[in-house]
Structure formats: C-alpha cells, structure tokens
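Undergrad: I have a structure here, written as structure tokens, and I will follow up with some questions on it.
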Amino acid sequence: DELVLQMQDDLYDGMKEEIEEAVEILLERGWAPYDILTKALVAGMTIVGHDFRDGILFVPEVLLAAGAMKGGMAILKPLLAETGAPRMGKMVIGTVKGDIHDIGKNLVGMMMEGAGFEIIDLGINNPVEDYLDALKREDADILGMSALLTTTMPYMKVVIDTMVQEGIRNDYIVLVGGAPLNEEFGKAIGADAYCRDAAVAVETAKELVA
Ligand code: B1M
C-alpha cells in the first residue's frame, strides 16, 4: 500500500499530523490497528533506527520521529485496548535507570492492556527502588523492564539481584525486553523470559500467569 510507504517517509520526517491523518485513513479503509502499528509505525521507526546508527539522523530528528510515532500510537491505543478481555493480572512496567527510550515500553503496555492485563507504567529512568516499591504497593503479578542501550541493560540484573536479596524474586514473574537484549541475556540475569516484541510479551505473560 502506497500510503504505508508514505507513512514511513512521514515518520522519518517527524510529521506528526500527517501520521495521525494517515492512521485515521487506514482505519477507515478497514485496516486492523495492529497492522497499522507494525507495518507503518514500527517499520518506519526501524528505518529511522538504521539512519540514526549510521549518523545520517541525529537526536533532534529522531525525537521528532518519536513524537510522530507517539501521535499515531495514541489513536491506536484505545482500539488495541478494546477487546473487553477478562482481567489477566497486573504488570508493573518501566524503562531502567539511565535509559529514556519509552516507545517500545509504551507499546508493550498498550498490547498487554488490550489482552486484559492491568498496567502500572513507571515511565523511564527507574532505579531499583521504584520497581520494588511499585510491585509491593500494587500487589502486582509481573515485573516488566525495558532497556534500549547496551549500557543500561545490565541494570536489569541489579533489579533482579536485589529482588533475590530481599527474598521476593519468586513472588513475581519477571519479563525483560528491548532491542539490544536476547534470550541468552534474559537467562543469564535470571529473568523468567526475554520478550522479542510486544506480541511475544503478551503471549509469554499469559502463559506464565496461568
Ligand atoms: Co536512541 N538509541 N539513543 N533514542 N534510539 C537506539 C536504541 C540505538 C540502537 C540507535 C542506533 O545507534 N542504531 C542506540 C543504542 C546503541 C547501543 O546501545 N548499542 C541509541 C543511542 C546510542 C541513543 C543515545 C545514547 C544517543 C545520544 O544521545 N548520543 C541516546 C540515549 C539517551 C538515554 O536513554 N539515556 C538516545 C536517545 C534517543 C531519543 C531520545 C532521540 C529517542 C527516544 C525517544 C523515546 O523513546 N521517547 C531514540 C530512539 C527513538 C531510538 C531508536 C531509533 C528507536 C527506538 C524505538 O522506539 N524503536 C533506536 C534504534 C533501534 O532500536 N533500532 C535507538 C521502536 C520500538 C517499538 O521498538 O523499543 O525495540 P523497541 O521495543 C520493542 C521490543 O524491543 C520489545 O517490544 C517492543 C515492541 O515490539 N520491548 C519489550 C521493548 N521493551 C520491552 C519490555 C518488555 C517486553 C518487550 O517487558 C516485558
């Protein structure tokens, strides 16, 4: 679809209004919200990521792209959450200390909500205390941590180690995700599972909560 390619260009150029309009148009054309999310927005952000890595795009441009992505996601959010699924459990989710990337985390939260989980979103840059306080306060079932930097992903181990020290590790399901992680890393730090994307996070959470 030509509009989808146009959206990837517009996302690259940080054109929030154009993205919002195009999301509405695809919805009118009968596109599933999840397909708009993955085929237009996530695919567009992947291209941004490559050019950011290669020094073609810089932080200000990527921030604009992120803003456009969030504009599109905001329209899709209620639609993805509209399944009326039964309550599955409660998840505390946040990006780890030192890391301010939140698009992936937000997406996981949205999809989990759509699947019937209650989400407590702690935002970005979370020290270990924030996670532990929220888990206890909210009587949560699941801890979800996100990290997008190779320099911040080791902090997930700090959180899990602290849970072990406090004797509460096994009271919660711990799921981790983020572009630089992999299965092996998830195992090595003692998480219950590494989740490649939001759909996998939902499936894994459903499986482990049951
Ligand atoms: Co940053 N950045 N960034 N950035 N940024 C990356 C991550 C990078 C890979 C780009 C690159 O070089 N190719 C690179 C990291 C390199 C590395 O560590 N090896 C990088 C860098 C270097 C930086 C800065 C250091 C740049 C600088 O300042 N010099 C800086 C760091 C700031 C900080 O955090 N302290 C920085 C800043 C930024 C912006 C602020 C400009 C912006 C963030 C805006 C925002 O989030 N509000 C930004 C962006 C947008 C990116 C890229 C381009 C896109 C990330 C994204 O949103 N992807 C990214 C390149 C890339 O990842 N390819 C990059 C879309 C999103 C849907 O995917 O986040 O992977 P993702 O989430 C997926 C899965 O990973 C998984 O599910 C999600 C949905 O499917 N998942 C989970 C994620 N979290 C999960 C948690 C779970 C489960 C699954 O819990 C249960």
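Undergrad: Against the condition open to solvent by less than 80 Å² (accessible area, probe 1.4 Å) and in a loop (DSSP other than H, G, I, E, B), how does G186 come out, does it pass? Before the answer, list the steps.
TA: Numbers: open to solvent by less than 80 Å² (accessible area, probe 1.4 Å): yes; in a loop (DSSP other than H, G, I, E, B): no.
Spelling it out, it is not the case that G186 is open to solvent by less than 80 Å² (accessible area, probe 1.4 Å) and in a loop (DSSP other than H, G, I, E, B).
Undergrad: Check E17 against each of (1) modelled with pLDDT under 95; (2) more than 16 Å from the ligand (Cβ to nearest atom) and name the one condition it does not meet.
TA: Among (1) modelled with pLDDT under 95; (2) more than 16 Å from the ligand (Cβ to nearest atom), the lone unmet condition for E17 is (1).
Undergrad: Kindly list the number of the only condition in (1) open to solvent by 30 Å² or more (accessible area, probe 1.4 Å); (2) away from the ligand (no atom under 11 Å from the Cβ) that fails for T46.
TA: For T46, the exception is condition (2).
Undergrad: Considering only region 154-181, state which residues are out of contact with any helix residue (DSSP H, G or I) (no Cβ under 7 Å at 6 or more places or on another chain) and crowded, with 18+ Cβ neighbours inside 10 Å.
TA: Y155, M156, L181
Undergrad: Can you find a residue that is among the charged types (D, E, K, R), at pLDDT 95 or above and assigned to a helix (DSSP H, G or I) anywhere in region 139-154?
TA: Our first condition is that a residue be among the charged types (D, E, K, R); within region 139-154, this holds for 139, 141.
Pick out the ones that are also at pLDDT 95 or above and you get 139, 141.
Going one step further and asking which of them are assigned to a helix (DSSP H, G or I), we end up with none.
No, region 139-154 contains no residue that is among the charged types (D, E, K, R), at pLDDT 95 or above and assigned to a helix (DSSP H, G or I).
Undergrad: Ok, one more. Going by the conditions given, is T162 over 20 Å from V202 (Cβ atoms) and in contact (Cβ under 8 Å) with a residue 40 or more places away in the chain? Let's see the steps before the verdict.
TA: Numbers: over 20 Å from V202 (Cβ atoms): yes; in contact (Cβ under 8 Å) with a residue 40 or more places away in the chain: no.
Answer is no for this residue.
Undergrad: Can you spot a residue in region 80-90 that is within 9 Å of the ligand (Cβ to nearest atom) and either more than 21 Å from I124 (Cβ to Cβ) or buried (at least 22 other Cβ atoms within 10 Å of the Cβ) (or both)? Please lay out each step first, then the result.
TA: So in region 80-90, the residues within 9 Å of the ligand (Cβ to nearest atom) come out as none.
No, the conditions are met nowhere in region 80-90.
Undergrad: Take region 133-153 and flag every residue that is closer than 15 Å to K90 by Cβ and open to solvent by 10 Å² or more (accessible area, probe 1.4 Å).
TA: Across region 133-153, the qualifying residues are D133, K136, R137, E138, D139, D141.
Undergrad: Among V202, V176, V159, V164, which is assigned to a helix (DSSP H, G or I) and under 25 Å from V48 (Cβ atoms)?
TA: V202
Undergrad: Right, something else. Applying the selection to region 49-74, what residues are closer than 21 Å to E21 by Cβ, open to solvent by less than 40 Å² (accessible area, probe 1.4 Å), more than 8 Å from the ligand (Cβ to nearest atom) and not small (G, A, S)?
TA: If the condition is that a residue be closer than 21 Å to E21 by Cβ, open to solvent by less than 40 Å² (accessible area, probe 1.4 Å), more than 8 Å from the ligand (Cβ to nearest atom) and not small (G, A, S), then M73 is the only one that fits.
The values are calculated or read from the model by the stated rules, or taken from the named source; none is laboratory data. Note that the structure is predicted; figures quoted are calculated from it, not measured. For neighbour counting, all protein chains shown are included, and Cβ atoms are generated from backbone atoms with ideal geometry for every residue, glycine included. Protein only, heavy atoms only, side chains kept; ligands, DNA and RNA dropped before computing areas. Shrake-Rupley method; radii C 1.70, N 1.55, O 1.52, S 1.80 Å.
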